[in-house]
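Asks: Take a look at this one; I'll ask things after.
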Amino acid sequence: MSSVTHQADPAQRARLRWRSRRGLLENDLIVTRFLDAHELSLTDEEVDAFTRLMDLADNDLLNLLLARSEPEGEVDLPHVRALLERLRQA
């Protein structure tokens, strides 16, 4: 793993923004609003959590964002749950 932090690498920040583009408008609106407000302050751990959430299918992500479901399996991690709470408040 690179020792360069997410915030120190503009290419990594651009990739994060690109990955946030979703097929469902609702997801896109929530995630974009969150990134607009918090992208520059995200820690590397939060970027990892965000990336894990972006790996989910759109409907699964929307259910998490709207608190219709809770993280399970590979995304059921403390730092993912913490970021999800922030996303839900966005």
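The values are calculated or read from the model by the stated rules, or taken from the named source; none is laboratory data. Fair warning: this is a prediction, and the values are worked out from it, not measured in the lab. Here the Cβ positions follow ideal geometry from the backbone for every residue, glycine too, while neighbour counts run over all protein chains shown.
Asks: Suppose we keep only residues that are within 23 Å of Ala57 (Cα to Cα), surrounded by 13 or more Cβ atoms within 10 Å (Cβ to Cβ) and of a type outside the set (D, E, K, R) within region 1-28. Which one would you say is modelled with the highest pLDDT?
Replies: Checked region 1-28; the qualifying residue modelled with the highest pLDDT is Asn27.
Asks: A follow-up question, please. Of all residues in region 40-58 being surrounded by fewer than 17 Cβ atoms within 10 Å (Cβ to Cβ) and among the acidic types (Asp, Glu), which is nearest to Arg19 (Cα to Cα)?
Replies: Result: Asp55.
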